[in-house]
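Here is the structure we will look at, set down as structure tokens.
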Amino acid sequence: MSSAPAPRWTLLVHGGAGILTRDTVSAATDAAARAGLDAALAAGEAVLAAGGSALDAVEAAVAVLEDDSTFNSGRGAVFTFDGAIELDAAIMDGATRAAGAVAGVTRTRHPVSLARAVMEHSPHVLLAGKGADTFAAEQGVEQVDPDWFVTPERRAQLEAMKANPDGWFDVDMKYGTVGAVAVDAAGHVAAATSTGGVTGKRWGRIGDSPLIGAGTHADDRACAVSATGAGEFFIRIGVAHEISARIRFTGEDLQTAADTVLAETQALGGTGGVIVAGTDGDVAWSFTTPGMYRGRAGSDGTRRVAIYGDEG
């Protein structure tokens, strides 16, 4: 009697896309990024290997990256023009298409967990600013002093940008958003994304990360997507939903859909990357920048992290 094949699960993570080459990334940052991505994979993998949900896995993986100052999310997030740190995050369950998101929060250690609280304990999808901070405290989501997020490197980046009269906006965004997508053994997908935004952002700017359908989307009828890059362009295209829609309605494979939508985004002037997980366990990543911090783990024993474009 032959046994049934073991259910397939897969997890992908990213830590941002941008000007990431062997000439621009120091050996120390290279090593730290790979270690951080591997730790995030381990956290999500532990959930999935035990039969847990894709939703739990992406939250666990992103929370690890939010604590890692190598990346622009949580501790290590970039500064606004006024010297504050404002955090955005979103999470979505492909099984139900329930979603939660927050923008401009200032005290929540793990914005991804706050986004999940919005999804599960409020009638809303997106909360912002002071109201989101109040909701976080009411829900008992872990709060920290804003100084906990601060790192000297990010402060120096703000000062350098403000010293350049033409550099008020960080167009390169080489220290980007973090995210995770997964499919669990039951065939359900989920996505989560978290970011500090861009260095020097002003006037309460919000990018694509917390916007469902732009930087984050999950639908069991197609796939889960987490994006990173030039948020203003990703919003205009609706990148995450567009990829999902192409897969659902045209039957395109994940890689073709991701590549096509990112090419359209680039044609408008926006670069970045995405990670995509399908319900059948297939995955893809695509980026239009020299590199993207990224990693993959699967029930087949796959475990891989990469940074540069020539790593495949």
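The values are calculated or read from the model by the stated rules, or taken from the named source; none is laboratory data. Just so you know, these numbers come straight off a predicted model, no measurement behind them. So basically every Cβ, Gly included, is an ideal-geometry build from the backbone, and we count neighbours across all protein chains shown. Accessible surface areas use protein heavy atoms only, side chains included; no ligands, DNA or RNA. Shrake-Rupley method; radii C 1.70, N 1.55, O 1.52, S 1.80 Å.
Structure data summary
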| quantity | calculated |
| --- | --- |
| Calculated from backbone phi, Karplus (6.51, -1.76, 1.60) coupling profile of the stretch 232-249 in Hz, x at Gly/Pro | 4, 6, 5, 5, 5, 7, x, 3, 5, 5, 4, 4, 4, 5, 5, 5, 5, 9 |
| In sequence order, calculated HN-Hα J values of the stretch 196-213 (Karplus, 6.51, -1.76, 1.60; Hz; x Gly/Pro) | x, x, 10, 4, x, 4, 9, 6, x, 3, 10, x, 7, 3, x, 9, 5, x |
| Per residue accessible area in Å² of the chain, where ligands, DNA and RNA are left out and the probe is 1.4 Å | 39 Å² |
| Cα-projected label distance for T260 with E232, points at 7 Å along beta-carbon direction, nm | 2.8 nm |
| In Hz, Karplus ³J(HN,Hα) per residue of the stretch 67-74 (6.51, -1.76, 1.60; θ = phi - 60°; x = Gly, Pro) | 8, 9, 5, 5, 10, 8, 6, x |
| Sequence of K201, K130 from largest to smallest accessible area, 1.4 Å probe | K130, K201 |
| Full-stretch length increase - V144, D300 - with 0.36 nm per residue and alpha-carbon distance subtracted | 52.3 nm |
| Contour excess over end-to-end distance, with Cα ends at R22 and A160 and 0.36 nm allotted per residue | 47.5 nm |
| DSSP bridge orientation in the chain - percent antiparallel, rounded to nearest 5 | 90 percent |
| The stretch 104-168 shape via C-alpha gyration tensor axes, a/c threshold 1.5 | prolate |
| For the chain: relative contact order, % (alpha-carbon pairs under 8 angstrom, 6 or more apart) | 25 percent |
| Relative compactness, the stretch 204-289, computed as alpha-carbon Rg over 2.2 N^0.38 Å | 0.96 |
| Percent carbon-and-sulfur accessible area, the stretch 127-282, ignoring ligands, DNA and RNA, probe 1.4 Å | 52 percent |
| Option label - Cα Rg over 2.2 N^0.38 Å computed here, alternatives (1) 0.91; (2) 1.04; (3) 1.17 | (1) |
| Extension gain from A32 to F81, taking 0.36 nm per residue of separation minus the Cα-Cα distance | 15.0 nm |
| Separation of alpha-carbon centers, the stretch 79-114 and the stretch 254-280, rounded to whole Å | 22 Å |
| Point-charge dipole on Cβ atoms (K/R +1, D/E -1) for the stretch 6-130, about Cα centre, debye to 20 | 140 debye |
| Of L211, F81, Y308, farthest towards positive along the dipole that unit charges on Lys, Arg, Asp, Glu beta carbons give the chain | F81 |
| Charge dipole magnitude, Cβ of K and R +1, D and E -1 - the stretch 156-267, Cα centre, debye nearest 20 | 340 debye |
| Carbon and sulfur %, accessible surface of the stretch 9-87 computed with the full protein complex present, 1.4 Å | 53 percent |
| Interchain or long-range residues, amide H under 5 Å from I19's placed H | K174 |
| Shape call, the stretch 26-109: gyration tensor on alpha carbons, a/c limit 1.5 | oblate |
| Highest-MSF residue in the chain out of I243, I85, I19 [GNM, Cα springs under 10 Å] | I19 |
